[in-house]
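A.B. asks: Encoded as structure tokens, here's the structure I'll be asking about.
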Amino acid sequence: MTKRRLERERGRKEAVADMSEDLSEGEKGDTITDASAHGDNSNRGRLPRISSTDAMEAWANQQKGKKLYLVLISLHGLIRGENMELGRDSDTGGQVKYVVELARALASMPGVYRVDLLTRQVASSEVDWSYGEPTEMLSPHNSNNLTDEIGESSGAYIIRIPFGPKDKYIPKESLWPHIPEFVDGALSHIIQMSKVLGEQVGGGHPVWPVAIHGHYADAGDSAALLSGALNVPMLFTGHSLGRDKLEQLLRQGRLSKDEINDTYKIMRRIEAEELTVDASEVVITSTRQEIEEQWRLYNGFDPVLERKLRARIRRNVSCYGRFMPRMVVIPPGMEFNHIIPHDGDMDADMETTEDRQASPDPPIWTEIMRFFTNPRKPMILALARPDPKKNLITLVKAFGECRPLRELANLTLIMGNRDNIDEMSNTSASMLLSIIKMIDKYDLYGQVAYPKHHKQSEVPDIYRLAAKTKGVFINPAFIEPFGLTLIEAAAHGLPMVATKNGGPVDIHRVLDNGLLVDPHDEKSVADALLKLVADKQLWSKCRSNGLRNIHLFSWTEHCKTYLSRIASCKPRQPGWLKNGNDNDDDDDDDDENSEAESPSDSLRDMQDISLNLKFSMDNYEDQKGKIENAVMSYSKGVMKGEKTDQGKFPALRRRKGIFVIAVDGDDIGVIFENVKKVFEAVEKERTEGSIGFILATSLQMAEVHSFMVSKGLNSSDFDAFICNSGADLYYTSSHSEDNPFVFDLYYHSHIEYRWGGEGLRKTLLRWASSFVDKNKNGQHVVTEDEAVSTDYCYAFNVHNPALVPPVKELRKMMRIQALRCHVIYCQNGKKINVIPVLASRSQALRYLYLRWGMELSKVVVFIGESGDTDYEGFLGGVHKSVILKGVSTNNSNLLHANRIYPLSDVVPTDSPNVIQTTQDFTSADIRTMLGNLGVLKG
């Protein structure tokens, strides 16, 4: 922690030094006072919500005419709209209910046309058949809130995307290798749905998501990749954070850091959360504590630097390439319309009159009360899965050791569902056995209920039972991100006792309906419970306070704040569609480019900047100037409305298959030796034109072209070239030998999100100059390769890789200074490419799918045993991967040692889409492998 603090202070000083020339007085201090980041302290006790009827009507009027499409992502657990199995396992908790209810509530808001909640399709005998259904419509709880215009595809839907093992339900820790497969499947769904919505409400133009919202780290990682592939804004909600969990586990001292990572894949999770900070427009939290104590643990978020950047943005002053997401507190919502707080008590309800018969008690009441010797005593209710951080053992111990509390009240523990303790996970089983032993130790039989089963639909009945007995709800967790159960309990008229750490503090500030305690102090817990149970006047006051203020936590209020935050994001969409959507005069012209299924796809937006790349390897600087001049000339021509020669797109979509050569190494000759072997393996199909080829490399286009010319190779052998590690994209041109390539200008507008430009370059140069080789008279170890650098790829030569820190250290430094970029060590560590944060070679393939309809399932990627540090992006997805054994092995130790997380955490070892050749493979072996993958027949 001390090391992290020092690194952050040093990074902040460097960032502020870059911006110091025009700092205002308000930016010079370090006090965190910016309400935009941490809420308005003067408003404590109130939520920034619209609560009056008039204000709501005015807000609704502003939304009329909008047709918003929203995408939510929640990958793990078992998600369905009705009869949720909350507490079935550690992955099926409160987050499941939160995202389903959020989707349902958003779809009922004015201006929202469709909401898709994307999750994993699970077709396994271990779980109910409903989790295998591809689509489930979420019926609204309150149809009165629905917008007037209902369309064919409007409303909220759960969309289940198949990824990972097809017949297994696996825990979230095992999902990481399969994230790329989900991203590809989700991308396909979103593109198709955007077209459908375009036909229904978009006037023929695709209706892209206004935002993609990831929930938890795995969905955040997916949302970042989808946001980059589609060029639309991203939102993120963490629910719980990996760095906070890691520190808690380390403090407990039971497991080492390596053991924690083996169990929870915690470093992969933390890196995903760091990526969400890089990519998100808005990070939604439930509490201020989450921002001030948990998010500040991350390299990519510093509340002090965030305040400085926010102040500069308000004054329209340059931030020198630095970006920070907006952290906003929006507590979860609840649907209260169906809740009728109970006003009676147990004795009164037992009495009936001659003309009124008592209604039968819900079955769950009988299931609970059978545990009690005296069921009329006030009930202390805890509802949490048996997890160490829920702190239920402390609650049972506090109850057992306080005799007055035991005499006055009963304790009810609702701890998920179980058939047999031996069939539970080790952690849950251990916790439950410890609780049962504690009950036996204090002889609490007849005073503690712990039923084996309950349905999600019975939870309101459980709250009602506790309220009927004038009981208390307790959440004893060590730290609680928000505590949705506290809101539910308050809505049923239950006072609360909760931890003073985290979300309950914000809830108590608004509701004032209970007491906060130190969850580590058993006596404090017992005293608070006894006070509320014994003092009926205090109990009544807490109950009435909660019921009076509970409307501030409604889903309607949540969604209004949520949508206002989305409205503040700068709208983004795929760049080549903007003219068609923004300028009616250009509609006809642009349809040809915007419709991926059109047979007349055109490169006219790129044709005029075809580049003459026939020059020597010594003339890089001149070539760089040619690119820049060509782009400028083209841009000016477009602004003047010049018509360009409409060249038709090469046959990427017409190919039956696309082979991507992504072999890495520092010798371009070795790369093309493997290209030759692949060509020979499919010579027949290549000649027929049924298979197209793409070269994906860290090299610059000039290097590739110069080598091809020197070896007499034909550029037309390839349909496209992904160069500079995914920063640049070229297509083969048929115009002339002097102009063999065309340059995709829109690709840059697609990947430029949060690109730091010259400010980033200055920081990189300063970093490079800090490394010198003392054995060689202080010569620089890292120097900029100006000849190869482009506007979207800053390239550096590494003269002694052994003296340069691993890639994770450079990524950390960039994040600490709020510079968002993708750092790639390549060519056996002899080069470093720095490109936009959401750009990569694998992301470029998704761009080609979006832009031209290149079907990803028909793509085969050829890679070596190892590669550049973006290598892992090719190891998953719906495409096929052929690993060429013995190729690119010498950089394995150099580049992939000392990674942020082990490569094994993200390699889908059991995927049928990944296959490996033998050590000394031949062209015939490659053809055999392709046959095994089902790519070739015969």
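The values are calculated or read from the model by the stated rules, or taken from the named source; none is laboratory data. From a predicted model like this one, the values you see are computed outputs, not experimental measurements. Using ideal geometry, Cβ is built from the backbone for each residue, glycine included, and neighbour counts are taken over all protein chains shown. We work out accessible area using only protein heavy atoms, side chains counted, and drop any ligands, DNA or RNA first. Shrake-Rupley method; radii C 1.70, N 1.55, O 1.52, S 1.80 Å.
A.B. asks: Quick one: is Asp221 among the acidic types (Asp, Glu) and either without any contact (Cβ under 8 Å) to a residue 40 or more places away in the chain or part of a helix (DSSP H, G or I) (or both)?
C.D. replies: It is true that Asp221 is among the acidic types (Asp, Glu) and either without any contact (Cβ under 8 Å) to a residue 40 or more places away in the chain or part of a helix (DSSP H, G or I) (or both).
Matching residues to (1) surrounded by fewer than 18 Cβ atoms within 10 Å (Cβ to Cβ); (2) among the charged types (D, E, K, R); (3) part of a strand (DSSP E or B); (4) free of Cβ contacts under 8 Å to residues at least 24 places away in the same chain:
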{"site": "Ser359", "(1), (2), (3), (4)": "yes, no, no, yes"}
{"site": "Ile364", "(1), (2), (3), (4)": "no, no, no, no"}
{"site": "Lys377", "(1), (2), (3), (4)": "no, yes, no, no"}
{"site": "Arg406", "(1), (2), (3), (4)": "no, yes, no, no"}
{"site": "Leu413", "(1), (2), (3), (4)": "no, no, yes, no"}
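A.B. asks: Grab the helices (runs of 4 or more DSSP H) fully contained in the stretch 1-120, keeping just those with 3 or more residues being at pLDDT 60 or above, under 27 Å from Ser428 (Cβ atoms) and of a type in the set (Val, Ile, Thr).
C.D. replies: Qualifying helices (runs of 4 or more DSSP H): 94-107.
A.B. asks: Can you pull out the strands (runs of 3 or more DSSP E) entirely within the stretch 689-806 that have at least 2 residues that are buried (at least 20 other Cβ atoms within 10 Å of the Cβ) and under 32 Å from the mean Cα position of the chain (by Cα)?
C.D. replies: Strands (runs of 3 or more DSSP E) meeting the threshold: 691-696, 720-723, 728-736, 794-798.
A.B. asks: How many residues are closer than 17 Å to Gly77 by Cβ and hydrophobic (A, V, I, L, M, F, W, C) when one looks only at the stretch 218-245?
C.D. replies: Total satisfying the criteria: 2.
A.B. asks: Right, another one. What number of residues within the stretch 179-210 satisfy the criterion of being of a type in the set (S, T, N, Q) and either open to solvent by less than 30 Å² (accessible area, probe 1.4 Å) or at positive phi (or both)?
C.D. replies: 1
A.B. asks: Here is a check on your reading of the model: is Thr869 of a type in the set (Val, Ile, Thr), surrounded by 15 or more Cβ atoms within 10 Å (Cβ to Cβ) and in a loop (DSSP other than H, G, I, E, B)?
C.D. replies: yes
A.B. asks: While we're looking at this one, here's another question. If I ask for residues that are of a type in the set (Phe, Trp, Tyr) and either free of Cβ contacts under 8 Å to residues at least 24 places away in the same chain or open to solvent by 10 Å² or more (accessible area, probe 1.4 Å) (or both), which ones from the stretch 832-857 would you list?
C.D. replies: Tyr849
A.B. asks: Quick check on my filter: what residues within the stretch 379-404 are among the charged types (D, E, K, R) and surrounded by fewer than 20 Cβ atoms within 10 Å (Cβ to Cβ)?
C.D. replies: Within the stretch 379-404, Asp387, Lys389, Lys397, Glu401, Arg403 qualify.
A.B. asks: Go through Asp302, Asp258, Asp278, Asp262 for me and flag whichever is free of Cβ contacts under 8 Å to residues at least 24 places away in the same chain and more than 23 Å from Phe163 (Cα to Cα).
C.D. replies: Asp258
A.B. asks: Now for a separate question. For Thr469, state whether it is within 34 Å of the chain's Cα centre (by Cα) and β-branched (Val, Ile, Thr).
C.D. replies: No: the conditions fail for Thr469.
A.B. asks: Continuing with this model, one more query. I need every pair where a residue in the stretch 328-341 that is within 26 Å of Thr285 (Cβ to Cβ) has its Cβ under 7 Å from the Cβ of a residue that is open to solvent by less than 20 Å² (accessible area, probe 1.4 Å) and modelled with pLDDT under 75, sequence separation at least 6 or different chains.
C.D. replies: Close Cβ pairs satisfying both conditions: Pro331/Phe482; Pro332/Phe482.
A.B. asks: Can Val823 be described as in contact with a helix residue (DSSP H, G or I) (Cβ under 7 Å, 6 or more places away or on another chain), open to solvent by less than 30 Å² (accessible area, probe 1.4 Å) and not acidic (Asp, Glu)?
C.D. replies: yes
A.B. asks: For the stretch 468-504, give me each residue that is more than 17 Å from Asp387 (Cβ to Cβ), open to solvent by 10 Å² or more (accessible area, probe 1.4 Å) and assigned to a helix (DSSP H, G or I).
C.D. replies: Lys468, Glu488
A.B. asks: Okay, next question. Which is in contact with a Lys or Arg (Cβ under 7 Å, 6 or more places away or on another chain) and surrounded by fewer than 21 Cβ atoms within 10 Å (Cβ to Cβ), of Leu297, Leu309, Leu249, Leu255?
C.D. replies: Leu297
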